[in-house]
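Notes to accompany the following structure.
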Amino acid sequence: MSSDNVAIRVNNLSKCYYIYDRPQDRLKQSIIPRIQRLLGMEPKNYFREFWALRNVSFEVKKGETVGIIGRNGSGKSTLLQIICGTLTPTSGTVETNGRIAALLELGSGFNPEFTGRENVYLNGAVLGLSKEEIDARFDDIVSFADIGDFIDQPVKTYSSGMYVRLAFAVQACIDPDILIVDEALAVGDEKFQRKCFDRIEHLRSNGASILLVTHSTTVIERFCQRAVLLHNGNLHGVGPSNIIVDQYHALLYADEKAYLQILNRERRVAVEPNTESHHPANQVGAKASEDNKFEDEGKLRAQIVSYSITDLSGCHREIFQPGETVLVNMTINCFEAIGEIQAGISIKTVEGVPCFGTSTLYFGNNCKGVKPGEIVLVRFRLSLSLCEGVYFVSLAIAEPVLQGDMQYLDKRSDAIIFKVSEPRLKATGIAYLPATVEIIRGGIR
């Protein structure tokens with residue numbers, strides 16, 4: 001990739017921390033190994049190594065939005081701090097092109113004794129803006145933060161919500177080339193989150209690069225073209241957001257064998273990007289190809305092997321009318337005995353906005369007592385109360401293990417594509433609500 005088109009380049013980045021079991025070990029480490037070297041002895045270490053990151057590499061294009069996901073402790077925040085320059089890596093390099101605005105952990109960058117107004121000017125100066133430039137943006141920042149007269153109060157008196165609103169307003173209203181956000185938006189209320197995402201859309205449309213850390217896979221699929229998956233400090237995947245979200249769900253809910261299977265499948269897709277069967281649109285109403293299976297099926301407990309969307313007569317179609325009843329089918333191949341299988345589907349727009357989701361659990365109709373080698377067909381009957389547009393169906397299967405918890409078995413993200421169209425447009429949006437229009441006219445006296 002040309003350097004002219006790269007906003008962030010992370011190359012073999014590693015970060016190691018020294019963990020000392022006792023305070024005196026830190027003192028010993030600073031003295032004894034030096035003496036041992038002078039005496040020609042092999043130096044002894046009094047610490048344990050903890051690698052927060054190990055050999056992480058990826059790139060973010062200019063104008064691209066990339067999400068970073070992973071379990072707690074996977075190295076996400078460490079990675080962002082290194083990119084922002086507030087933390088030094090043990091090895092590897094980071095290259096950035098453009099002005100960076102970062103909203104990391106709550107409280108960073110503000111002096112609690114200063115007022116909100118003073119912190120706006122302080123942060124703006126740190127980001128390289130002159131007083132005149134901050135003056136020109138100040139009213140927009142205050143309006144966006146919506147904290148009223150508290151702008152002239154010390155920020156130590158702010159609630160966490162007020163704090164993050166002002167922090168995000170400063171970072172977003174300076175029109176950065178690169179915006180980095182680390183879970184901070186989770187503090188704000190729904191209205192403020194909506195405003196933040198609108199601002200992110202505005203920055204992205206103006207060509208800004210955005211690096212977004214969140215545990216919300218919906219946000220990742222909605223806003224990010226690509227995603228990065230970190231696990232125990234290692235890079236486990238970089239690719240289209242829907243594929244990485246699949247991999248993340250497998251990491252969260254699957255056993256080790258099923259997770260490794262998902263990982264191997266996505267790596268195979270990456271190696272063979274031009275294979276026709278890897279495109280979800282070509283799998284509608286068809287059996288999943290052999291390329292989507294794993295070489296050793298014995299490691300799987302169950303797998304979705306085919307899926308389709310049909311009308312009530314069983315005819316495979318890609319275009320339906322609003323309100324039409326359809327059947328969403330998935331066939332599950334069970335490789336071993338499973339006590340209970342829960343199957344679910346979800347429907348999203350092209351932009352990743354969730355429209356609908358349901359599962360056999362909600363209907364008290366999970367498949368119980370599955371035998372080895374058994375083939376299970378699950379069929380959802382839906383009324384497509386959707387406005388005109390293109391929609392994607394994802395399918396998943398899992399085994400319930402505890403109350404409210406499950407063990408992930410397999411998932412096919414955006415596996416089915418269908419279109420809703422009506423000859424004469426009567427509604428816009430997503431939900432096609434039954435509506436009538438009544439006009440009552442009366443004479444004006």
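The values are calculated or read from the model by the stated rules, or taken from the named source; none is laboratory data. What you see is a predicted model; the values in this text were computed from it and never measured. Note that we place each Cβ from the backbone using ideal geometry, even for glycine, and neighbour counts take in every protein chain shown. Protein only, heavy atoms only, side chains kept; ligands, DNA and RNA dropped before computing areas. Shrake-Rupley method; radii C 1.70, N 1.55, O 1.52, S 1.80 Å.
Scanning segment 368-394 for residues being over 30 Å from Arg424 (Cα atoms) and open to solvent by 40 Å² or more (accessible area, probe 1.4 Å) gives a total of 9.
Residues considered: Pro33, Pro23. Of these, the only one that is more than 18 Å from Ser91 (Cβ to Cβ) and at pLDDT 85 or above is Pro23.
Yes or no, residue by residue, for (1) charged (D, E, K, R); (2) in contact with a strand residue (DSSP E or B) (Cβ under 6 Å, 6 or more places away or on another chain); (3) assigned to a helix (DSSP H, G or I):
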| position | (1), (2), (3) |
| --- | --- |
| Ile180 | no, yes, no |
| Gly239 | no, no, no |
| Ile244 | no, yes, yes |
| Gln247 | no, yes, yes |
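Residues in segment 395-424 that are over 25 Å from Cys315 (Cα atoms), assigned to a strand (DSSP E or B) and open to solvent by 60 Å² or more (accessible area, probe 1.4 Å): Val401, Leu402, Asp405, Met406.
Name the single residue, out of those in segment 15-40 being surrounded by 11 or more Cβ atoms within 10 Å (Cβ to Cβ) and among the hydrophobic types (A, V, I, L, M, F, W, C), that is nearest to Leu87 (Cα to Cα). Among residues in segment 15-40 that are surrounded by 11 or more Cβ atoms within 10 Å (Cβ to Cβ) and among the hydrophobic types (A, V, I, L, M, F, W, C), the one nearest to Leu87 (Cα to Cα) is Cys16. The single condition among (1) among the polar types (S, T, N, Q); (2) within 30 Å of Leu13 (Cβ to Cβ); (3) open to solvent by 30 Å² or more (accessible area, probe 1.4 Å); (4) touching a Leu at 6+ places or on another chain (Cβ under 8 Å) that Ser160 does not meet is (2).
Of note, Gly357 does not satisfy the criterion of being of a type in the set (Gly, Ala, Ser), crowded, with 17+ Cβ neighbours inside 10 Å and closer than 30 Å to Arg226 by Cα.
What residue, among those in segment 397-422 that are touching a residue at least 60 places away in the same chain (Cβ under 8 Å) and of a type in the set (Gly, Ala, Ser), is farthest from Ala302 (Cα to Cα)? Per the stated criteria, the residue is Ser421. Whenever a residue of segment 338-349 is surrounded by fewer than 20 Cβ atoms within 10 Å (Cβ to Cβ), its partners that are acidic (Asp, Glu) and part of a strand (DSSP E or B), lying with C-beta atoms within less than 8 angstrom and at least six residues away or across chains, give the pairs Gly339/Glu399; Glu340/Glu399. One residue alone among Leu211, Leu203 is under 23 Å from Phe110 (Cβ atoms), in contact with a Pro (Cβ under 9 Å, 6 or more places away or on another chain), open to solvent by less than 10 Å² (accessible area, probe 1.4 Å) and modelled with pLDDT of 80 or more, and that residue is Leu203.
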